Amino acid sequence: MKPDANGVGFVKSCLKDRADAIEEFALRSEGFRDLCDDFEIANNEKVRWERSTAPERDERLAEYRELIDSMRAEIEQTLDRAAVVPFKPPRR
(Lines give C-alpha, C1' and ligand atoms only; values in the text may rest on other atoms or scores of the structure.)
Protein backbone atom coordinates (compact mmCIF):
# COMPACT_ATOMS: atom_id res chain seq x y z
CA MET A 1 0.00 0.00 0.00
CA LYS A 2 1.33 3.41 -0.91
CA PRO A 3 1.31 5.63 2.20
CA ASP A 4 0.22 8.77 0.33
CA ALA A 5 -2.88 7.05 -1.01
CA ASN A 6 -6.19 8.58 -0.03
CA GLY A 7 -6.25 10.54 3.20
CA VAL A 8 -2.64 10.02 4.26
CA GLY A 9 -1.35 12.49 1.69
CA PHE A 10 -4.05 14.96 2.70
CA VAL A 11 -3.12 14.71 6.39
CA LYS A 12 0.56 15.17 5.49
CA SER A 13 -0.37 18.37 3.62
CA CYS A 14 -2.27 19.64 6.68
CA LEU A 15 0.45 18.73 9.19
CA LYS A 16 3.57 19.33 7.12
CA ASP A 17 5.88 19.45 10.14
CA ARG A 18 4.87 15.87 11.00
CA ALA A 19 4.78 14.45 7.46
CA ASP A 20 7.55 11.90 8.09
CA ALA A 21 5.87 10.55 11.23
CA ILE A 22 2.50 10.41 9.45
CA GLU A 23 3.96 8.43 6.58
CA GLU A 24 5.83 6.05 8.88
CA PHE A 25 2.82 5.37 11.11
CA ALA A 26 0.47 4.98 8.14
CA LEU A 27 2.65 2.16 6.85
CA ARG A 28 2.16 0.29 10.14
CA SER A 29 -1.46 1.03 11.05
CA GLU A 30 -4.57 0.39 9.01
CA GLY A 31 -6.63 2.15 11.70
CA PHE A 32 -4.52 5.28 11.31
CA ARG A 33 -4.90 5.16 7.53
CA ASP A 34 -8.68 4.90 8.01
CA LEU A 35 -8.60 7.91 10.35
CA CYS A 36 -6.68 9.87 7.70
CA ASP A 37 -9.29 8.90 5.08
CA ASP A 38 -12.11 10.00 7.38
CA PHE A 39 -10.32 13.30 8.06
CA GLU A 40 -10.06 13.99 4.33
CA ILE A 41 -13.74 13.10 3.78
CA ALA A 42 -14.81 15.44 6.61
CA ASN A 43 -12.76 18.26 5.11
CA ASN A 44 -14.27 17.64 1.67
CA GLU A 45 -17.77 17.75 3.17
CA LYS A 46 -16.96 21.00 4.97
CA VAL A 47 -15.87 22.54 1.66
CA ARG A 48 -19.08 21.30 0.05
CA TRP A 49 -21.18 22.92 2.79
CA GLU A 50 -19.21 26.16 2.49
CA ARG A 51 -20.49 26.38 -1.10
CA SER A 52 -24.05 25.42 -0.20
CA THR A 53 -27.00 27.78 -0.02
CA ALA A 54 -29.16 25.30 1.92
CA PRO A 55 -30.87 26.64 5.04
CA GLU A 56 -28.96 24.19 7.26
CA ARG A 57 -25.57 25.35 5.88
CA ASP A 58 -24.34 27.13 9.02
CA GLU A 59 -25.36 24.28 11.30
CA ARG A 60 -23.62 21.68 9.12
CA LEU A 61 -20.48 23.81 8.84
CA ALA A 62 -20.30 24.11 12.62
CA GLU A 63 -20.68 20.34 12.96
CA TYR A 64 -17.96 19.61 10.41
CA ARG A 65 -15.58 22.15 11.95
CA GLU A 66 -16.04 20.52 15.34
CA LEU A 67 -15.55 17.04 13.84
CA ILE A 68 -12.43 18.14 11.97
CA ASP A 69 -10.92 19.74 15.08
CA SER A 70 -11.60 16.57 17.05
CA MET A 71 -10.11 14.34 14.35
CA ARG A 72 -7.03 16.57 14.02
CA ALA A 73 -6.48 16.28 17.78
CA GLU A 74 -6.89 12.50 17.58
CA ILE A 75 -4.35 12.29 14.74
CA GLU A 76 -1.85 14.40 16.67
CA GLN A 77 -2.36 12.40 19.88
CA THR A 78 -1.92 9.15 17.97
CA LEU A 79 1.36 10.42 16.52
CA ASP A 80 2.52 11.61 19.94
CA ARG A 81 1.80 8.19 21.47
CA ALA A 82 3.55 6.41 18.60
CA ALA A 83 6.63 8.62 19.05
CA VAL A 84 7.08 7.68 22.72
CA VAL A 85 6.89 3.92 22.43
CA PRO A 86 9.64 2.77 24.77
CA PHE A 87 12.53 0.90 23.29
CA LYS A 88 13.35 -2.33 25.09
CA PRO A 89 16.79 -3.75 24.40
CA PRO A 90 16.89 -7.45 23.58
CA ARG A 91 17.45 -9.82 26.49
CA ARG A 92 20.78 -11.53 26.64
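Considering helices alone, the calculated mean residue ellipticity of the chain at 222 nm is -24500 deg cm²/dmol, with DSSP H runs of length four and up weighted by -39500 (n - 2.57) and normalised per residue. Using the Cβ-Cβ distance between residue 63 and residue 20 with R0 = 30 Å, the FRET efficiency computed as 1/(1 + (r/R0)^6) comes to roughly 0.40. Remark on the chain: ratio of C-alpha radius of gyration to 2.2 N^0.38 Å is 1.32. Once the Cβ-Cβ distance of residue 41 and residue 91 is raised to the sixth power relative to R0 = 30 Å, the FRET efficiency obtained is 0.10.
Per residue, the chain exposes an accessible area of 71 Å² to a 1.4 Å probe, with every protein chain left in place. Solvent-accessible area of the chain (1.4 angstrom probe, protein heavy atoms only): carbon and sulfur portion equals 48 percent.
The values are calculated or read from the model by the stated rules, or taken from the named source; none is laboratory data. Everything numeric here is computed off the predicted structure, so don't read it as measured data. All Cβ positions, glycine included, derive from the backbone under ideal geometry; neighbour counts span all protein chains shown. These accessible areas exclude ligands, DNA and RNA; they are computed on the full protein's heavy atoms, side chains included. Shrake-Rupley method; radii C 1.70, N 1.55, O 1.52, S 1.80 Å.
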